[in-house]
Amino acid sequence: MSSAPDFSEILAAWHLPGPLTFAPIEGGANNLTYRVETADGQKYVLRLVLNLADLGRLNFETAIVTQLQAQNLPFTVPAPLPTTSGPYLATIGNHLATLCPFVAGSNPKTVSPALAFQAGLGLGALTQAMAQLDMPQTRNYTLPSPFGDLDKTHPLVTDPVKAVEGLPVEPESKQIVLNMVEEMRREVPPLYEILPQQLIHGDFTRYNALVEGGRLTAILDFEFATWDLRVMELASALPAWAFILLGTGHEWPVIEAFGKGYSQNSPLALIEKEALPALFKLRYVTSLLHFIGRNRQGLSGPEEYERRISYCLKIEKWLVTNRARLEKEIQSW
């Protein structure tokens, strides 16, 4: 467990008027976030990054969000504030830290079709905006590997098959996940030869969205932004927004609304539509490998990769039953 942030280090890094009050913000498994309020009522969000090896990725993220602020987007993309010494990153205790202005809104607890449509619209607008950005070119930046490069999802997971084989989980579940990994290694590389690619956010879940009054107010946390398949933006987001409803029958209005909202601002090519079901699986296989790696680093416990195994099993079971209906739905967007 991480200790509370050091007030004096934060005051020094950003020259905030103390005393400060802190409140933890729930959500997300890769960082710690706090709402910070100053003595004069100013509000900020402090993010503590647990992995110091992420410096190059954080530099890249800062370059991306800084460019996005110049775009005419219908929502806010918070950008880090410079420290008193100039850089956007500070070292607070054993963590890298960023400080952003507070944006009104909260992570949605539930997803209605109306909210799903707004989220899809917003993500489609973001896809178009990110296509216009200049790819930063400097050795100070590190891009996360694309979803399809399974052998590079995490530096400590160079053999996905062996990584899954070594997990202490029951054999039947393990075999299902191994089959998914092997399927992705067969089916996904050819997609990277034919599908359009660009910069994507890559992690637009409910935890990285703020909403207020049914409106999307902000898209947060571009730490996984990278160069990838354009359609991977939708493939990584849509199942995450509908996930809690999968298998209930209530997922379909949410899937339809999100997909149509997204396509209204960022139309899909036919070959992208055809690839979506396989890419839904890829999103969860990649997440599992990421958390196996974080466990090997000592940054998360086994409960995190165990949860991702359950996610893989759920999406696999749902697709077996619903793939034909999903494909028909996607073609209507």
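A short reminder: the numbers here are calculations on the coordinates, not readings from a lab. What you are looking at is a predicted structure, and each value in this text was computed from that prediction instead of being measured. All Cβ positions, even for glycine, are placed from backbone atoms using ideal geometry, and neighbour counts span all protein chains on display.
For the reader, a short list of remarks on this structure follows.
- When ASP203, ASP40, ASP151 are sorted by how many other C-beta atoms sit within 10 angstrom of their C-beta, beginning with the fewest, the order is ASP40, ASP151, ASP203.
- Farthest toward positive dipole pole in the chain [+1 Lys/Arg, -1 Asp/Glu at C-beta], among LEU133, THR110, VAL77: THR110
- Sequence of VAL161, VAL65 once ranked by neighbouring C-beta atoms within 10 Å, starting from the fewest: VAL161, VAL65
- When +1 charges are put on Lys and Arg Cβ atoms and -1 charges on Asp and Glu Cβ atoms, the dipole computed for the chain relative to its Cα centre reaches about 320 debye.
- Amide H contacts under 5 Å for GLN42, placed H, 5+ residues apart: none
- Of the DSSP H helices in the chain, those whose Cα atoms cover at least 24 Å axially and whose Kyte score averages 0.5 or more: 113-131
- Across LYS174/LYS260; LYS152/LYS273; LYS152/LYS281; LYS162/LYS317; LYS43/LYS314; LYS43/LYS152, pairs whose alpha-carbon gap is larger than 28 Å: LYS174/LYS260; LYS43/LYS314; LYS43/LYS152
- Between the listed residues VAL254, MET184, ALA275, the Cα displaced farthest toward the positive end of the dipole of the chain, a dipole computed from Cβ unit charges relative to the Cα centre, is found at VAL254.
- Annotation: amide H of THR76 within the under-5 Å range of ALA218, ILE219, sequence separation 5 or more or interchain, hydrogens built in the peptide plane.
- Under the shape rule built on the C-alpha gyration tensor, where the axes satisfy a ≥ b ≥ c, the range 159-234 is oblate, since a/c reaches at least 1.5 while a/b does not exceed b/c.
- Of all DSSP beta bridges confined to the chain, the antiparallel ones make up roughly 95%.
- Centroid-to-centroid, using Cα positions, the range 68-86 and the range 110-172 are 22 Å apart.
- Which of THR217, THR158 has the fewest Cβ neighbours within 10 Å, and the rest in rising order: THR158, THR217
- Longest DSSP-loop-exposure-free segment, trypsin sites (Lys or Arg not before Pro), the chain, at most 13 other Cβ within 10 Å: 140-333
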